[in-house]
Amino acid sequence: MNQDDIKPLEAQPDLGRRKFLNTAALVGLSGAGLSVGLSACKKGEETAGAPAGAPAASADSHASNVHLKPGELDTYYGLWSGGHTGDFRVLGLPSGRELHRVPCMVPDALVGWGITNESKKIMGTKADGSLKYTVGDTHHTHASYKDGNYDGRYAWINDKINGRIARIRLDYFVCDKITELPNIQGFHGIFPDKRDPVDPAINYTTRVFCGSEFHIPLPNKGQDIDSPEKYRAMFTCVDAESMEVRYQVLIDGNCDLLATSYDGKLAACNQYNTENGIHYEDMMSAERDSCIFFNIARIEEAVKAGKTRTFGDSKVPVVDGTRAANTDPTTALVAYVSVPKNPHGVNASPDGKYFICAGKLSPTATVIELSKVLDWFDGKLDNVDKSIVAEVEIGLGPLHTAFDGRGNAYTTLFLDSQMVKWNIDAAIKFHAGDANSKYVVDRLDVHYQPGHTNASQSETAAADGKWLVVGCKFSKDRFLPVGPLHAETEQLIDISGDKMVLVADHPVRPEPHDFIIMKRDLIRTKQVYEMDEFPLAIKDPKDTGVFREGKKVTVKITSQAPAFSPREFRLKLGDEVTIILTNHDKVEDLTHGFAIPKYNVNFIVNPQETASVTFKADKPGVFWCYCTHFCHALHLEMRSRMIVEA
Ligand code: K7E
Ligand code: CUA
Ligand code: CA
């Protein structure tokens with residue numbers, strides 16, 4: 001695209017949808033009896049700044065950074081959620097190329113996730129051996145930390161539908177554990193701790209915190225359905241290594257998105273249903289909701305001291321984090337800070353000082369100073385709301401915030417279809433009474449209706465302020481139409497200068513929510529498995545063959561391009577068959593597949609990997625088990641003949 005083709009934003013056709021969305025959303029809001037500050041934000045606006053809707057600065061001078069030459073590698077990994085595709089995705093940035101999808105919550109035909117016994121064990125099965133769940137909704141992914149930066153060990157991702165947390169090993173980019181959380185519904189926010197709150201030697205992630213966006217009667221067995229005061233939500237701590245649930249904290253309202261402090265002492269969640277409403281209108285009846293702070297050291301002391309209870313069939317210890325039980329700051333486990341109406345994301349600034357809660361139904365961002373929250377817990381601050389050091393207007397529908405490590409915050413404005421760049425210190429000065437403090441630095445139109453945003457290394461101590469990605473929920477006219485279902489737009493913005501510069505649109509399959517962007521050298525992958533990692537590995541091709549114990553039959557197979565060993569095997573109708581396949585190739589990228597026609601079996605084995613499948617030989621005949629993954633000039637001939645005798 002040459003520069004002449006870049007249309008100024010005003011000249012772009014058909015912004016009607018955007019207007020419609022804004023109008024509809026605002027009508028909806030006012031219909032619910034809300035008073036939202038609808039006036040455009042003029043206060044604290046940088047006069048020299050580009051007015052809203054101004055043409056984007058030229059993308060031309062930045063284009064060379066984005067369009068990699070053939071063979072050139074990206075400089076960042078992007079770890080993406082897949083939304084209700086239920087997967088975890090890996091993108092290269094700045095190119096935006098999708099490199100991989102890691103199956104976790106839902107079956108995946110490429111690798112045989114949900115087909116192999118190994119993946120089924122991770123996913124969880126019912127008594128009859130079938131998968132417990134085949135749908136998922138992944139929203140938030142975060143990676144393990146060491147010394148305030150990513151250490152490349154793990155990433156975690158949530159499943160909102162079925163309340164599961166999956167762990168992804170970042171050496172092999174595979175899911176190795178999934179845990180279902182008890183006593184919750186609508187598991188949404190997720191955030192690893194960044195260090196231990198008590199032991200300074202533990203400067204890395206050992207816990208993962210999980211929110212529950214919805215509240216439910218506890219135990220949820222059909223009682224208290226119409227008693228909203230009996231509905232509760234939980235903040236859950238999962239052990240980063242064992243993936244067991246360590247404990248839960250019962251709270252009023254709900255527990256939505258999460259963030260953690262750099263000192264390990266606090267975790268925060270935004271809460272939009274302080275009202276404890278079970279109807280839509282009730283959840284929006286109050287002018288202010290909460291940002292809840294969890295005092296991790298105190299909670300763990302209470303768990304240790306046995307000040308816990310359990311719910312239903314779950315054995316997980318639960319401590320009481322409700323408002324009524326936490327009025328004395330010196331013993332409180334949690335603090336409820338009041339923030340405006342139905343807040344969305346909460347994000348921790350890379351300097352470790354502030355948490356920022358976006359207003360959503362209020363056009364504001366609230367800046368909360370962590371040291372003041374800790375002062376309240378120490379009895380040195382009489383009112384925890386005094387930890388709010390700024391509450392400033394930034395635009396309509398603020399959702400999520402990213403950071404550049406230079407003191408600026410970048411917040412998505414869903415209703416305005418904009419990114420706003422604002423300076424945190426200047427906002428604090430403005431809030432303190434300096435009306436001349438211009439905290440809004442820049443605004444940029446995005447396409448359209450942005451939800452999540454993140455900057456390179458944003459929520460780490462190594463935020464580098466180079467790239468910002470904005471996850472736009474609507475792409476409408478940005479890509480060739482493919483019918484009613486549109487791609488989403490992940491827009492890439494250069495934030496290395498004062499002004500944000502939009503440099504690329506990347507289409508993504510619906511519908512990712514959150515993502516993180518980390519420097520490529522923080523991840524060290526292994527390209528070949530170690531055979532010993534698999535207990536079932538068939539280490540010697542001489543050990544292959546059919547092993548029968550009555551009706552139970554084990555078939556041991558190895559693969560080495562371009563042949564399977566054995567090249568045929570015989571079964572009897574009605575056998576309960578387990579096929580174990582070990583790939584003996586050691587060459588990077590030399591993967592084989594194993595497909596059995598009519599038996600609904602297909603999976604792959606990567607170099608030195610072992611996988612197994614179990615099925616009933618219920619159809620007689622000849623079945624050519626063939627390699628699905630193009631591996632060799634004789635790939636098409638790479639088969640093993642399965643004979644099921646009638
Ligand atoms: Cu992270 Cu989309 Cu689940 Cu905000 S939520 S957009
Ligand atoms: Cu092995 Cu194709
Ligand atoms: Ca509310």
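Derivation of every value follows stated rules applied to the coordinates shown; laboratory data play no part. Only a predicted model underlies this, so the values are computations on that prediction, with no experimental measurement involved. Cβ placement follows ideal geometry from the backbone for every residue including glycine, while neighbour counts extend to all protein chains displayed.
Pull up all non-local amide H partners of Arg246: gap of 5 or more, or a different chain, and H-to-H distance under 5 Å with H placed in the peptide plane.
Answer set, sorted by chain and number: Cys237, Val238, Asp239.
How big is the range 181-285 in terms of Cα radius of gyration and Dmax, in angstroms?
Gyration radius and largest Cα-Cα distance of the range 181-285: 15.0, 49 Å.
Which cross-chain or sequence-distant (5 or more) residues have an amide H under 5 Å from the amide H of Val503, H modelled 1.01 Å from N in plane?
Distant-sequence amide H within range of Val503: Leu492, Ile493, Asp494.
Could you tell me what a quarter of the Cα convex hull surface of the chain works out to, in nm² with one decimal place? Working shown, then result.
Numbers: hull surface 126.8 nm².
About 31.7 nm², averaged over all directions.
Go through the range 548-564 residue by residue and turn each phi into a ³J(HN,Hα) via Karplus (6.51, -1.76, 1.60, θ = phi - 60°); whole Hz please, and just put x for glycine and proline.
Per-residue couplings from phi come out as 10, 10, x, 7, 7, 10, 10, 10, 9, 10, 10, 10, 8, 3, x, 9, 9 Hz.
Report the gain in length on full extension from Lys146 to Arg509: 0.36 nm times residue separation, minus Cα-Cα distance, nm rounded to one decimal.
Values: separation 363, 0.36 × 363 = 130.68 nm, distance 3.20 nm.
Gain on stretching Lys146 to Arg509: 127.5 nm.
How fast does the range 419-500 diffuse by Stokes-Einstein, in µm²/s, taking the Kirkwood radius from C-alpha pairs at 4 °C and 1.567 mPa s?
89 µm²/s
So for Leu634, Leu590, Leu257, Leu181, fewest C-beta neighbours within 10 Å to most, what's the order?
Ascending number of Cβ neighbours within 10 Å: Leu634, Leu590, Leu181, Leu257.
Quick check: convex hull of the Cα atoms in the range 485-540, volume per residue, rounded to a whole Å³? Working shown, then result.
Numbers: hull volume 10.7 nm³, N = 56.
That works out to 192 Å³ per residue.
Under 4 °C and 1.567 mPa s, how fast does the range 537-646 diffuse according to Stokes-Einstein, given a Kirkwood radius computed over C-alpha pairs? Answer in µm²/s, whole number.
Rounded, D is 94 µm²/s.
Once whole DSSP H runs in the chain are found, which of them have Cα atoms spread over 20 Å or more along the helix axis and a mean Kyte-Doolittle score of at least -0.5? Could the numbers behind the result be given before it?
Values: long enough: 16-31 (22 Å, 0.18).
The qualifying helices are 16-31.
Report the per residue volume, in Å³, of the convex hull enclosing the C-alpha atoms of the range 285-363.
Per-residue hull volume (Cα only) is 149 Å³.
So if I restrict to the alpha-carbon atoms in the range 305-451, what is the Rg, and what is Dmax, the biggest pairwise distance, in Å?
Spelled out, the Cα radius of gyration and Dmax of the range 305-451 are 17.8, 58 Å.
Given 37 °C and 0.692 mPa s, how large is the Stokes-Einstein diffusion coefficient of the range 246-317 in µm²/s, with Rh as the Kirkwood radius over Cα pairs?
236 µm²/s
Given the C-alpha atoms of the range 53-184, compute the convex hull and give its volume per residue in Å³.
Convex hull volume per residue, Cα atoms: 175 Å³.
Can you give me the long-range amide H partners of Leu99? Hydrogens built in the peptide plane at 1.01 Å from N, cutoff under 5 Å, separation of 5 or more residues or another chain.
Val90, Leu91, Gly92
Ordered by residue, what ³J(HN,Hα) values in Hz, to whole numbers, does the range 330-337 give under the Karplus form 6.51 cos²θ - 1.76 cosθ + 1.60, where θ = phi - 60° and Gly and Pro are x?
My calculation for the range 330-337 gives 6, 10, 4, 8, 9, 10, 9, 9 Hz in order.
Test of understanding: ordering Ile202, Ile115 by Cβ neighbours within 10 Å, fewest first, what list do you get?
Ile202, Ile115
Rounded to the nearest 500, what is the 222 nm mean residue ellipticity of the chain from helices alone, with -39500 (n - 2.57) per DSSP H run of 4+ residues and division by all residues? Don't jump to the answer; show the numbers that get you there.
Values: 6 runs with 52 residues, N = 646.
The per-residue figure over the chain is -2000 deg cm²/dmol.
Could you line up Phe630, Phe311 from fewest to most neighbouring Cβ atoms inside 10 Å?
So the residues, fewest neighbours to most, are Phe630, Phe311.
Note down the net charge around Asn347, summing +1 for each Lys or Arg and -1 for each Asp or Glu among other residues with Cβ under 11 Å from its Cβ.
Summing Lys and Arg as +1 and Asp and Glu as -1 gives -2.
Of Gly465, Ile523, Leu415, whose Cα points farthest to the positive end of the dipole of the chain (charges on the beta-carbon: +1 Lys, Arg; -1 Asp, Glu; origin at the Cα centre)?
Working it through, the farthest residue towards the positive pole turns out to be Ile523.
Hey, what do the phi angles of the range 380-396 turn into as Karplus ³J(HN,Hα) couplings, whole Hz, using 6.51/-1.76/1.60 and θ = phi - 60°, x for Gly and Pro?
Result, rounded to whole Hz: 9, 10, 6, 9, 5, 5, 6, 6, 6, 9, 7, 8, 10, 6, 10, x, 8.
Obtain the nm distance between the two label points defined at Val482 and Thr614 by a simple spin-label model: each point lies 7 Å from its Cα along the Cα-to-C-beta direction.
The modelled label-to-label distance comes out at 3.8 nm.
Which whole-percent values make up P(r) of the range 126-201 when all C-alpha to C-alpha distances are grouped in 5 Å steps starting at zero?
In whole percents, the pair-distance histogram is 3, 14, 20, 21, 17, 13, 6, 3, 2, 0.
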